[in-house]
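The structure under discussion appears below in the form of structure tokens.
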Amino acid sequence: MENPLAAGSLQGKRALVTGSSRGVGADTAKYLAEAGARVVINYRNKEKRAVQLVSTIEEAGGSALSVGADLTDPASVAEMLGTIQREFGGLDILVLNASGGMESGMAENYALLLNRDAQVDVLTQALPLMAPGSRVVFVTSHQAHFIRTTATMPEYLPVALSKRAGEDALRDLIPALAEKGIDFVVVSGDMIEGTITATLLERSNPGAISSRRESAGKLYNVAEFAAEVASAAVDEIPTDNERLVGDVSDFATA
């Protein structure tokens, strides 16, 4: 997949991509770094993958830093942002990509803690690092974005509801962000081939992904969707603050 961003177009910019040791977050970080941005690779427990990604970016001539943090722990988030402040001096792009809720062994309210509360906390704590002209990108799915009007698979429901709650909570901050000159955009995509979420869904509901692919006609892969997320970090913001990626004909609007 070709980088949608022009080489050098983000020179001097500093970006944090949450949950970026693998998948969409990792590819988004690579696109941003290739365009000249200094990128923070955030991970919760995949340190080895994060370090490998930093090496890959640096070997390609880019600049990156791996910083571990549990986004559901405000103190851990504060420590991460403190490191970013010391190393980069601030942030120009914040990509809220990390999400979850289908993992085994987590607390019953983990999906809501991560997909709503942590998203708001990361943004709130990051604001002092962001100057006018900065941008926030929130990554979600059609199954979450349209959950009020279109039912989703039962296995995905806790994630969908919590991610929609997170989107709503972040949208409530748009006026305050606008006052600071900070842009905000939601990037919503269909199920993405090759992501951990797709893998977990297929495991709990065999045939779910192929069924969705047949209905949509095409599902984006990780690199393709990451290209949309990276583009959202620089493209003009739509009036409704949302960028819908892929087919939405099966999703009813309110």
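Things worth noting here:
- Among the residues making up the stretch 22-50, those that are closer than 16 Å to Gly62 by Cα and in a loop (DSSP other than H, G, I, E, B) are Ala35, Gly36, Ala37.
- Restricting Gly90, Gly82 to those that are within 26 Å of Ser231 (Cβ to Cβ), modelled with pLDDT of 95 or more and surrounded by fewer than 16 Cβ atoms within 10 Å (Cβ to Cβ) reduces the list to Gly90.
- Each residue in the stretch 108-151 was checked for being among the hydroxyl-bearing types (Ser, Thr, Tyr), buried (at least 17 other Cβ atoms within 10 Å of the Cβ) and either within 16 Å of the chain's Cα centre (by Cα) or at pLDDT 95 or above (or both), and 3 pass.
- When Gly100, Gly61 are screened for being open to solvent by 30 Å² or more (accessible area, probe 1.4 Å) and not in a helix (DSSP H, G or I), only Gly61 passes.
- Taking residues in the stretch 195-216 that are over 13 Å from Gln143 (Cβ atoms), and partners anywhere that are of a type in the set (Gly, Ala, Ser) and at pLDDT 70 or above, the pairs with Cβ atoms closer than 7 Å and at least 6 places apart or on different chains are Ile196/Gly23.
- Filter result (out of contact with any strand residue (DSSP E or B) (no Cβ under 7 Å at 6 or more places or on another chain) and open to solvent by 70 Å² or more (accessible area, probe 1.4 Å)) within the stretch 1-27: Met1, Glu2, Ala7, Gln11, Arg22
- If you go through the stretch 28-58 and keep only what is free of Cβ contacts under 8 Å to residues at least 24 places away in the same chain and either among the small types (Gly, Ala, Ser) or open to solvent by less than 30 Å² (accessible area, probe 1.4 Å) (or both), you end up with Val54, Ser55.
The values are calculated or read from the model by the stated rules, or taken from the named source; none is laboratory data. Just so it is clear, the structure is predicted and the values come from calculations on it, not from any experiment. Ideal geometry is used to build each Cβ from the backbone, glycine not excepted, and the neighbour counts take in all protein chains shown. Accessible surface areas use protein heavy atoms only, side chains included; no ligands, DNA or RNA. Shrake-Rupley method; radii C 1.70, N 1.55, O 1.52, S 1.80 Å.
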